[in-house]
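S.K.: Mind looking over this structure? Questions follow.
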Amino acid sequence: MEARRRTWFDAHGLKVATAGGDRPLPFYAGAMHYWRVDPTRWAACLRTLHAQGLTIVETYVPWRVHETADGAFDWTGAKDLGAFLTAARGAGLSVLLRPGPHVNAELTSFGIPDHVLADPACLARTAHGTPAWLPTPPRAWPIPSYASTVFQRRVHDWYAAVAAVAAPHLAPEGPVVAIGVDNEAQLFFRLGAYALDYHPDALTWWRDASALDGTPPRAWDPAEAARCVSWIRFKDQYIARALGVFAKFLDDVGFAGIARFHNLPPGHHGLYDLRRIQHAIGGPVGIDAYTPRAEFRELRRRATALVGNADPVPLALEVGVGFFPWFPPLDRGNDPTRERDHLLSLLATGVRGFNLYMAVERDRYYGAAISKTGTLEPHATWIKPLVAALAEIDWPALRRATPIALIDSKADARFGAATCVADPFTPVLAEVLGLGPAGGAELGTDPGAVAARRWQTAITSALELAQVPFAIVDDAASEDELARYRAVIVPTTARVDRGLWQRISALAEHKRAIVVLGPTTPTHDELDQPLHDPPPRRVGRIRDGSLDDLPGLASDLASLAGDLPDTWQIERPDDVRSFAYANAAGTAKVVFIVSDAAKPVTAVLLCDANVSVLRDPFTNEQLRVAGGKLSVTLLTRGVRMLLT
């Protein structure tokens, strides 16, 4: 018998089934780790969180903290999850539970018990067959294999223990409205092409997914290029399959009917197969963001990719308020509006919900919004006016017209990963070396991967310069999905996914959208096999020299959007962008203005003729429009939110 449907995600946020009908729940959350706060202070902290307008409290349920010995669980004192859930309901808050198995939370072994990691059958394996380790404070530790059937049984038993405590608190009668299926599941950040996982059970998965006999490659071999790239692609399949197994376990132990989600770690959007994970868990995949102001532009691009692919709703599931003690501060203590502008950058791209991490103070972290005594910290006073403004404009219901889709193709990118000479290579190392997002391709031996990365970046920059609203869409998008856009840009160099090639050919042939390819016509597919299908007819072409002519490329691409209104556009300067969102009647309700300038600037915004005043919700300043234009001051790489 199908489980009772209790909660689910829709395009606006969460929905809760009640006797009186489906109740919408805006996804405005804050993180609090109950086991790290004195239980006598829970109520005060939760009341302060609720007083900011937040609707949800989010918490991990850390396996290591509760299973103190094999099969022995502690749910007492500060670890009394049931009592915390009761307290959250008493404060008027719903709850997100995140039981891992990986929680990180700056816990030893990311919250996985030592007795689990002591079992060799549970451990991921390197290409040499040795256990894979991760060096993180306070010590290095062996990481588990998500394919291991022994580890999976351990996870099932852990979920069952959580369900025994939490199941009586499920919505609608209780506060628990959603469950996180693991956390930042990216092979524990061991993202080198041939770093792992070579566990015997993982090799069985590899054979199932690839239909290839034998073992996977353990280093790049040009003679086995297709096999090597199949291994890179398999890692996405591995993660999705594992999370699908965990989601099924949650159903089995008593959480069926409760909404599911997963969160991806910070990093370039092209590193993850978000759509595959969503399908596996039956819920949205969001992103985590901890971003210094200098990188807000890249954050917006990453969030744009989330918005273009999330189903049914784009969420930022960890938005840093404060930071971890073993990394440098994000703002070095001299940027009091960075945390606010960080979240505004995400909202500007269309992110519909967020979780402030951390909302409440705890150990191994600094700079949370609320102290352990329940006092709101001075640097967090922006939260309440922001949430109030989002409620005033009904933020989840607003939309922004997006005429252009930019395809994020993985065909060449996977060859960049497979050939990287610095394997094992991580995004962190790319940043240290100054290579930027997806920079591992620069250290590979595949020229197609380098060219593809540079063209993708150039086209993105040109669309931003042209002030054309665009989406970044995965190369797995269906023909019907792509047909919702006026134009589809497909950056092509050496290779293209064969299925995508067929879909865009049909799209162009049936005149369902304008299709633009280039700068070259690909000759091979995603496995470097000859692509015998002819290029689609009726397509536009990106000029080959456009890589060195960004203004010219911007002019070319702007024409694809059709006749866009001048209202809510930035007249000057070129390094400031605007993002306007309108209600169902087409009336703009909010405009986000973002600057990429390395100094304070004054921007000129072209306004609707019917609007005479815009309001800053944080200062309540009334900004008056003169002659259809509004002058707006912005800090260095600053962000403004203005209500019409």
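Here, each number is a calculation from the coordinates, and none is a lab measurement. If you're wondering where the values come from, they're calculated on a predicted model, not measured in any experiment. Reconstructed Cβ throughout: ideal geometry from the backbone, glycine too, with neighbour counts over all protein chains shown.
S.K.: Listed highest first by mean packing, meaning other Cβ atoms within 10 Å per residue, what order do 176-183, 297-304, 132-139 come in?
M.R.: Top to bottom by mean Cβ count within 10 Å: 176-183, 297-304, 132-139.
S.K.: Among the listed pairs K15/K79; K15/K589; K79/K235, give every one whose C-alpha distance is greater than 32 Å.
M.R.: Pairs exceeding 32 Å: K79/K235.
S.K.: Related question: What does the charge count around A17 come to, taking other residues whose C-beta lies under 15 Å from its C-beta (Lys +1, Arg +1, Asp -1, Glu -1)?
M.R.: With Lys, Arg at +1 and Asp, Glu at -1, the neighbours total +1.
S.K.: When all C-alpha to C-alpha distances in region 404-561 are sorted into bins of 5 Å, what percent of pairs does each bin hold, rounded to whole numbers?
M.R.: 2, 10, 19, 21, 20, 16, 9, 4, 1, 0
S.K.: Let me ask something else about it. Give, to the nearest whole percent, the P(r) tail of region 557-644 beyond 14 angstrom, counting all Cα pairs.
M.R.: Everything past 14 Å amounts to 64 percent.
S.K.: Please pull out the direction-averaged projected area of region 448-520, using the convex hull of its alpha-carbon atoms, in nm² to one decimal place.
M.R.: Averaging across all directions leaves 4.7 nm² for the Cα convex hull.
S.K.: Based on Cα positions only, what radius of gyration and what Dmax would you give for region 371-422, in angstroms?
M.R.: Considering region 371-422 through its Cα atoms, Rg and Dmax are 21.9, 52 Å.
S.K.: Now a separate question. Expressed as a whole number of Å, what is the distance separating the alpha-carbon centroids of region 26-58 and region 588-644?
M.R.: Distance between centres, Cα-based: 33 Å.
S.K.: Based on Cβ point charges of +1 for Lys and Arg and -1 for Asp and Glu, what charge dipole magnitude is obtained for region 7-393 about its Cα centre, in debye rounded to the nearest 20?
M.R.: 500 debye
S.K.: Wrap a convex hull around the Cα atoms of region 482-542, take a quarter of its surface area, and give that in square nanometres.
M.R.: For region 482-542, the mean projected area of the Cα convex hull comes to 3.6 nm².
S.K.: Moving on to the next point. Under a crude label model (7 Å from the Cα following the beta-carbon direction), how far is L212 from T18 in nanometres?
M.R.: Taking the two extended label points, one gets 5.4 nm.
S.K.: Expressed in nm², what is the orientationally averaged projection area of the convex hull enclosing the Cα positions of region 67-157? Show your work: numbers first, answer last.
M.R.: On the way: hull surface 28.7 nm².
Reported value for the Cα convex hull: 7.2 nm².
S.K.: Further question: So for region 404-561: antiparallel DSSP bridges make up what percent, rounded to the nearest 5?
M.R.: So the antiparallel bridges in region 404-561 amount to around 5 percent.
S.K.: Could you tell me which of Y366, A171, V313 has its Cα farthest along the dipole of the chain towards the positive end, charges placed at Cβ (Lys, Arg +1; Asp, Glu -1), taken about the Cα centre?
M.R.: A171
S.K.: For the pair D363 and D563, how long in nm is the line joining their label points, each one 7 Å along Cα→Cβ?
M.R.: A separation of 6.6 nm, rounded to one decimal place.
S.K.: Follow-up. Just to be sure I understand the model, the point goes 7 Å from the Cα along the line to the Cβ. What's the resulting R572 to T68 distance in nm?
M.R.: Each label point is offset 7 Å from its Cα along the Cβ direction, giving 6.9 nm.
S.K.: For region 7-393, just list the percent of Cα-Cα distances falling in each 10 Å bin from zero outward, please.
M.R.: Per 10 Å bin, starting at 0, the Cα pair percentages come out as 5, 24, 34, 26, 10, 2, 0.
S.K.: Order these peptides, 29-39, 346-356, 218-228, by their mean beta-carbon neighbour count within 10 angstrom, highest first.
M.R.: 346-356, 29-39, 218-228
S.K.: For every other residue with a beta carbon closer than 14 angstrom to the beta carbon of I239, add +1 if it is Lys or Arg and -1 if Asp or Glu, then tell me the sum.
M.R.: Values: positive: R190, R233, K235, R241, R275, R276; negative: D182, E184, D197, D236, D273.
Summing Lys and Arg as +1 and Asp and Glu as -1 gives +1.
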